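The values are calculated or read from the model by the stated rules, or taken from the named source; none is laboratory data. Only a predicted model underlies this, so the values are computations on that prediction, with no experimental measurement involved. We place every Cβ from the backbone using ideal geometry, glycine too, and count neighbours over all the protein chains shown. For accessibility, only protein heavy atoms count, side chains too; no ligands or nucleic acids. Shrake-Rupley method; radii C 1.70, N 1.55, O 1.52, S 1.80 Å.
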Amino acid sequence: MAQTPKVAVLLAGCGHLDGAEVREAVLTLLALDQHGAAFQCIAPNADQHHVINHVTGQPVPGATRNVLEESSRIARVGQCLDLAQAKAGDYDALVMPGGYGVAKNHCSFAFKGAEADVRPDVAAFVRAFFDAKKPVGAICIAPALVALALSRRASANLTLGNDAGCAAAVNQLGQHHKDTPNSREIVIDEACKLVTTPAYMFDDARLSDVWVGIERCVAEVLKRC
C-alpha cells in the first residue's frame, strides 16, 4: 500500500436482529484503524424491514426505524454517508459487517434464501467493487449478500460458517461455500479479491475469536488494495 487506503464500510442499521451487528461493525472499524486505513461508513436512507425489541427478540408492531439513522449510531453523528451519495470509485475496498439487517434491509435473504431480492442501489454499489477488481471483505451473513449480487455474474469461494441451509442457498446461487469450524477462520478467493469470515454466524462465538477473524479479514483485504 503506497498510500493510505480508503475503505467503504457498508452498514445495515444498528442491532444484530434488525440491523448491523454492533460488535462486528465496531471491530471492523477498529481493525481498519489499527492497520492505518481511512474508512467511510455508508448506509441507505430507507426504512428497516422491521424493528426488533432486543430485550425480547420479538418484532415491535407499528415501529419504524431508518437504516441510515440507525447506522449513524455506530458511525457517530454526521459520519455515515447516504448510499445515494456514495461512489465505489472513491474507495479502494469495501468491507461489510454482518447482522440480520444485511439479510433483511439490504436484501431479503433472511426470508427467501436463494430466491431473495437485493436493493438495486446496494447491488449496484457492491457489484461496482467486483467490476473494478477492488477487494471486498464480507463478515457473518454479508457473504450471502455477495452471493446474491454476484449471481449469474461470477462464482466465488466464501464462507458462512458451517450452516447447511445457508451453504445450500449460496451454492444454489452459483457460489462455492467453504465450511469453516469457528469464527477465527477466513476464506480468501484470490480471483474475486473476496475475503470472508463467519463471526457471529456462530451464535456462541467468543468475542475474542470474532475479533481474530475480523482482523484477519481486514488485513487480507488491505493487502490487496
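Do the conditions hold for E70, that is, is it under 22 Å from I52 (Cα atoms), of a type in the set (D, E), touching a residue at least 12 places away in the same chain (Cβ under 8 Å) and out of contact with any Phe, Trp or Tyr (no Cβ under 7 Å at 6 or more places or on another chain)? Write out each step before concluding.
Numbers: under 22 Å from I52 (Cα atoms): yes; of a type in the set (D, E): yes; touching a residue at least 12 places away in the same chain (Cβ under 8 Å): yes; out of contact with any Phe, Trp or Tyr (no Cβ under 7 Å at 6 or more places or on another chain): yes.
Yes: the conditions hold for E70.
Among the listed residues L148, L81, identify the single one that is modelled with pLDDT of 95 or more, out of contact with any His (no Cβ under 8 Å at 6 or more places or on another chain), assigned to a strand (DSSP E or B) and not basic (K, R). Quick ask: steps written out before the conclusion?
On the way: L148 fails: assigned to a strand (DSSP E or B).
It is L81.
Identify, please: which residue in the stretch 164-188 is open to solvent by 70 Å² or more (accessible area, probe 1.4 Å) and part of a loop (DSSP other than H, G, I, E, B) and is, among those, nearest to D209 (Cα to Cα)? Break it down into steps so the answer makes sense when it comes.
At the first step, the residues of the stretch 164-188 found to be open to solvent by 70 Å² or more (accessible area, probe 1.4 Å) are 164, 171-172, 176, 178-179, 181, 184.
Narrowing the set further to residues that are part of a loop (DSSP other than H, G, I, E, B) leaves 178-179, 181, 184.
Working: K178: 19, D179: 17, P181: 12, R184: 5 Å.
By that ranking, first place goes to R184.
Mind checking which residues of the stretch 163-210 are farther than 15 Å from A144 by Cβ and hydroxyl-bearing (S, T, Y)?
S183, S208
Matching residues to (1) in a loop (DSSP other than H, G, I, E, B); (2) closer than 21 Å to R127 by Cα; (3) touching a residue at least 40 places away in the same chain (Cβ under 8 Å); (4) not aliphatic (A, V, I, L, M):
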{"site": "C14", "(1), (2), (3), (4)": "yes, no, yes, yes"}
{"site": "A31", "(1), (2), (3), (4)": "no, no, yes, no"}
{"site": "N45", "(1), (2), (3), (4)": "yes, yes, no, yes"}
{"site": "I74", "(1), (2), (3), (4)": "no, no, yes, no"}
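For residues in the stretch 151-163 being closer than 14 Å to P198 by Cβ and modelled with pLDDT of 95 or more, which is most open to solvent (accessible area, probe 1.4 Å)? Even if it seems obvious, please write down each step before you answer.
Going through the stretch 151-163, the residues closer than 14 Å to P198 by Cβ turn out to be 157-163.
If we keep only those that are modelled with pLDDT of 95 or more too, we end up with 157-162.
Values: N157: 46, L158: 0, T159: 0, L160: 1, G161: 0, N162: 88 Å².
Going through the qualifying residues, I end up with N162.
So is I52 in contact with a Leu (Cβ under 6 Å, 6 or more places away or on another chain), open to solvent by less than 60 Å² (accessible area, probe 1.4 Å) and either hydroxyl-bearing (S, T, Y) or farther than 27 Å from A219 by Cα (or both) or not?
Numbers: in contact with a Leu (Cβ under 6 Å, 6 or more places away or on another chain): yes; open to solvent by less than 60 Å² (accessible area, probe 1.4 Å): yes; either hydroxyl-bearing (S, T, Y) or farther than 27 Å from A219 by Cα (or both): yes.
When the stated conditions are applied, I52 passes them.
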